[in-house]
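Colleague: Structure incoming, see below.
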Amino acid sequence: MSYIPGQPVTAVVQRVEIHKLRQGENLILGFSIGGGIDQDPSQNPFSEDKTDKGIYVTRVSEGGPAEIAGLQIGDKIMQVNGWDMTMVTHDQARKRLTKRSEEVVRLLVTRQSLQKAVQRSMLS
Amino acid sequence: MQDRLHILEDLNMLYIRQMALSLEDTELQRKLDHEIRMREGACKLLAACSQREQALEATKSLLVCNSRILSYMGELQRRKEAQVLGKSGRRPSDSGPPTERSPCRGRVCISDLRIPLMWKDTEYFKNKGDLHRWAVFLLLQLGEHIQDTEMILVDRTLTDISFQNNVLFTEAGPDFELRLELYGACMEEEGALAGAPKRLATKLSSSLGRSSGRRVRASLESAGGLGSSPILLPTPAVGGPRYHLLAHTTLTLAAVQDGFRTHDLTLASHEENPAWLPLYGSVCCRLVAQPLCMTQPTANGTLRVQQAGELQDWARVHGVLKGTSLFCYRQPEDADTGEEPLFTIAINKETRVRAGELDQTVGRPFTLTISNRYGEDEVTHTLQTESRGALHSWMEALWQLFFDMSQWKQCCDEIMKIETPAPRKTPQVLAKQGSLYHEMAIEPLDDIAAVTDILAQREGARLETPPPWLAMFTEQPALPNPCSPASVAPAPARTHPMPWGRPRTFSLDAVPPDHSPGAPRSVAPLPQQRSPRSRGLFNKGPPRTWLQSPV
């Protein structure tokens, strides 16, 4: 999903609502993220475009809140509770997901299978 | 009690010296004496130390001396055993198996050691609380040789512990086991309770907070030896700093590679230990081995080589067998002067050698053939030696070389480079550094240049005039840009893509940064940042990591 700066981004997204799980002192979501504008995008195994510096889901814990909510490995996170995640540093992304005051996060994620599904349904 | 310990200690030293003398092994005895003297010196120094850092250095020397003494003693005992067994031993009529071939020795060098740390992100990013500091060093043991690295001070602003040393072991066999041990000690005093009577100490420690109380109790209970047995070599100063074993691992020939590799560490301490450090559990290093058969000639002599195709024409050359090739020089002196050989015959695992008894050409005895397969072709060289004895010694050298190659495996593919270890510099106190992450500058200028590059490529003709917002970025002089200005040319003039997104990994398998306090801010242009010495602590140019964080 490449984009041109200055041009609006269009993507087919899915809403994923994750209810955080309390584990001792922490609220966890049960997945790991990779990427960010301060990271090297060529090492991202999930992106179609190797210059994409977005935030990707690199791992989903089994049975965790993220898996239950329908998040999949390889998803690109576009927004979290309304905050943009396409042009953030790795640390900013992590902070936006792990705010202690929020128990629910609503993500907008996109994946390649979604795009293809829409294209197929448009053709048929 | 102290007196008794002193007596025991003296008796032990006497015993050690006696054993060394009786074996008449002057080399080992000399080394042992040297270590014992060093140990006495370190004890005296430790008693005289006032500053914590000096005490740590002295304790480290003490620990190293102790380990060396123990290993020499172990070696002495082994040799004594072997001697005793040899004397009482086997009857000469026992014809054992023919003398087994032993592989050649080699040099093993380990360098660029780096141990990543895994701080809790709350500690790391918020920087709250006192800055706990630890002193760590590595102890490396191969056979009976023990070497140590310099002592490095670690605090929570460091992401990994990097040692700049190259440690070289000579006389290693292909079955070597390089044991790596990481020792750490707390910089701060381990509580004023270190010397207090035990009952008072227990009372106080139980009334302190949970975690600090546990730590104090652990430090009191682990009284005695610095990792070695207390009875044999008791510690003289109980109040001094104590090193704890944090992790260890053993590396063998399988780990040798001409490049950086990551190995697992076995963690040996737990959180209650006062010197506990959050280790990630791996160590990266460059472990290379140079077997002697690769660097030194194993055989040389006069040979007559049959020229390819011409049955009657045999050239007289001086052959030198070194490494994986047989170099044939015109004259014996050429080998020393560095002249190019007339030709070179490759000898590797696939080469086949035969003593040429089957195809003896008339009047040409004592030949041997060497065959190599290059793709579809098979190239055979026929060599004639001067006598039966010479033929035998050449064949012997070749068999030994094949055996060495089978034992040293990947080390015989190509000579691995070993840099001579630099002279040990005096340990410097690590200046208090800012957090690595906080000072890593993100270069918007870099990104903008690359982004407008994509623009130029994608949009093509539509981008004759640069978009108006670009002016905002190119006219900003205030942005910190340690990179040379040449790499950030204004977009419209750019015709070729800037090399970005280079596949450089700065994860576990890369060259560590140079933590020496003298490292200047890097002003070199981007392509030069490969060498570890010129790399500064800040500003790494294009991002090289692709971090993953659990949320």
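Colleague: Can you name every residue in the range A:14-35 that is within 10 Å of chain B (Cβ to nearest Cβ), over 14 Å from A:Glu103 (Cα atoms) and not small (Gly, Ala, Ser)?
Modeller: A:Phe31, A:Ile33
Colleague: If you scan the range B:403-419, which residues turn out to be in a helix (DSSP H, G or I) and buried (at least 17 other Cβ atoms within 10 Å of the Cβ)? I'd like the intermediate steps shown before the answer.
Modeller: Going through the range B:403-419, the residues in a helix (DSSP H, G or I) turn out to be B:403-412.
Scanning the range B:403-419 gives B:Asp404, B:Met405, B:Gln407, B:Trp408, B:Cys411, B:Cys412.
Colleague: Let me ask another. Regarding the range B:270-281, can at least one residue be identified that is polar (S, T, N, Q) and surrounded by fewer than 18 Cβ atoms within 10 Å (Cβ to Cβ)? Talk me through it step by step, then tell me what you get.
Modeller: Of the range B:270-281, the ones polar (S, T, N, Q) are B:273.
Those left that are additionally surrounded by fewer than 18 Cβ atoms within 10 Å (Cβ to Cβ): none.
No, the range B:270-281 contains no residue that is polar (S, T, N, Q) and surrounded by fewer than 18 Cβ atoms within 10 Å (Cβ to Cβ).
Colleague: Okay, next question. Does B:Ser387 satisfy the condition of being over 29 Å from B:Gly173 (Cβ atoms), surrounded by 14 or more Cβ atoms within 10 Å (Cβ to Cβ) and either of a type in the set (Ser, Thr, Tyr) or at pLDDT 70 or above (or both)?
Modeller: Working: over 29 Å from B:Gly173 (Cβ atoms): yes; surrounded by 14 or more Cβ atoms within 10 Å (Cβ to Cβ): no; either of a type in the set (Ser, Thr, Tyr) or at pLDDT 70 or above (or both): yes.
The answer is no for B:Ser387.
Colleague: Here is a further query. For the range A:80-96, state whether one or more residues are more than 13 Å from chain B (Cβ to nearest Cβ) and small (Gly, Ala, Ser).
Modeller: Yes, there is a match, as at least one residue in the range A:80-96 is more than 13 Å from chain B (Cβ to nearest Cβ) and small (Gly, Ala, Ser).
Colleague: Please state which of the following conditions A:Ser124 fails to meet, knowing it meets all the rest: (1) under 14 Å from B:Pro550 (Cα atoms); (2) modelled with pLDDT under 90.
Modeller: (1)
Colleague: Kindly indicate the residue of the range A:76-105 that is in a loop (DSSP other than H, G, I, E, B) and touching a residue at least 40 places away in the same chain (Cβ under 8 Å) and also farthest from A:Asp38 (Cα to Cα) among those meeting that condition. Explain how you work it out, then say what you get.
Modeller: Initially, the range A:76-105 is screened for residues in a loop (DSSP other than H, G, I, E, B), giving A:81-82, A:85-89, A:98-103.
Pick out the ones that are also touching a residue at least 40 places away in the same chain (Cβ under 8 Å) and you get A:86-89, A:98, A:100, A:102-103.
Values: A:Thr86: 12, A:Met87: 10, A:Val88: 8, A:Thr89: 5, A:Thr98: 19, A:Arg100: 24, A:Glu102: 26, A:Glu103: 28 Å.
Residue satisfying both the conditions and the ranking: A:Glu103.
Colleague: Taking the range A:50-59 as the search range and keeping residues that are under 12 Å from the mean Cα position of the chain (by Cα) and either part of a strand (DSSP E or B) or at the interface with chain B (Cβ under 8 Å from one of its Cβ atoms) (or both), which one is surrounded by the fewest Cβ atoms within 10 Å (Cβ to Cβ)?
Modeller: Filtering first and then ranking leaves A:Arg59.
Colleague: Looking at (1) under 23 Å from B:Met405 (Cβ atoms); (2) modelled with pLDDT of 75 or more, can you tell me which one B:Arg330 breaks?
Modeller: Failed condition: (1).
Colleague: Could you tell me whether the range B:50-73 includes any residue that is assigned to a helix (DSSP H, G or I), small (Gly, Ala, Ser) and either at pLDDT below 80 or closer than 30 Å to B:Thr298 by Cα (or both)?
Modeller: Applying the first criterion (assigned to a helix (DSSP H, G or I)) to the range B:50-73 yields B:52-73.
Adding the requirement that they be small (Gly, Ala, Ser) leaves B:55, B:58, B:61, B:67, B:71.
Next cut, either at pLDDT below 80 or closer than 30 Å to B:Thr298 by Cα (or both) only: none.
Taking every residue of the range B:50-73 in turn, none turns out to be assigned to a helix (DSSP H, G or I), small (Gly, Ala, Ser) and either at pLDDT below 80 or closer than 30 Å to B:Thr298 by Cα (or both).
Colleague: Which residues, counting only those in the range A:60-69, are surrounded by 15 or more Cβ atoms within 10 Å (Cβ to Cβ) and either assigned to a loop (DSSP other than H, G, I, E, B) or within 9 Å of chain B (Cβ to nearest Cβ) (or both)?
Modeller: At the first step, the residues of the range A:60-69 found to be surrounded by 15 or more Cβ atoms within 10 Å (Cβ to Cβ) are A:60-61, A:64-67, A:69.
Matches in the range A:60-69: A:Ser61, A:Gly64, A:Ala66.
Colleague: I'm told B:Arg286 meets every condition in (1) charged (D, E, K, R); (2) assigned to a loop (DSSP other than H, G, I, E, B); (3) in contact (Cβ under 8 Å) with a residue 12 or more places away in the chain except one. Can you identify the failing condition by its number?
Modeller: (2)
Colleague: Confirm whether A:Ser47 is within 10 Å of chain B (Cβ to nearest Cβ) and not aromatic (Phe, Trp, Tyr). First the steps, then the outcome.
Modeller: On the way: within 10 Å of chain B (Cβ to nearest Cβ): no; not aromatic (Phe, Trp, Tyr): yes.
Considered against the rule, which asks whether it is within 10 Å of chain B (Cβ to nearest Cβ) and not aromatic (Phe, Trp, Tyr), A:Ser47 comes out as no.
Colleague: Can I ask one more? Looking at A:Ser121, A:Ser32, A:Ser47, which is the one that is surrounded by 14 or more Cβ atoms within 10 Å (Cβ to Cβ), outside any loop (DSSP other than H, G, I, E, B) and not aliphatic (A, V, I, L, M)? Even if it seems obvious, please write down each step before you answer.
Modeller: Numbers: A:Ser121 fails: surrounded by 14 or more Cβ atoms within 10 Å (Cβ to Cβ); A:Ser47 fails: outside any loop (DSSP other than H, G, I, E, B).
None of the other options fit; the residue is A:Ser32.
Colleague: Kindly check whether there is at least one residue in the range A:37-44 that is under 15 Å from B:Val551 (Cα atoms) and within 13 Å of chain B (Cβ to nearest Cβ).
Modeller: Here is the first cut: in the range A:37-44, the residues under 15 Å from B:Val551 (Cα atoms) are none.
No: zero hits.
The values are calculated or read from the model by the stated rules, or taken from the named source; none is laboratory data. Quantities reported herein were computed from a predicted structural model and do not represent experimental measurements. Every residue, glycine among them, receives a Cβ derived from its backbone with ideal geometry; neighbour counts consider all protein chains shown.
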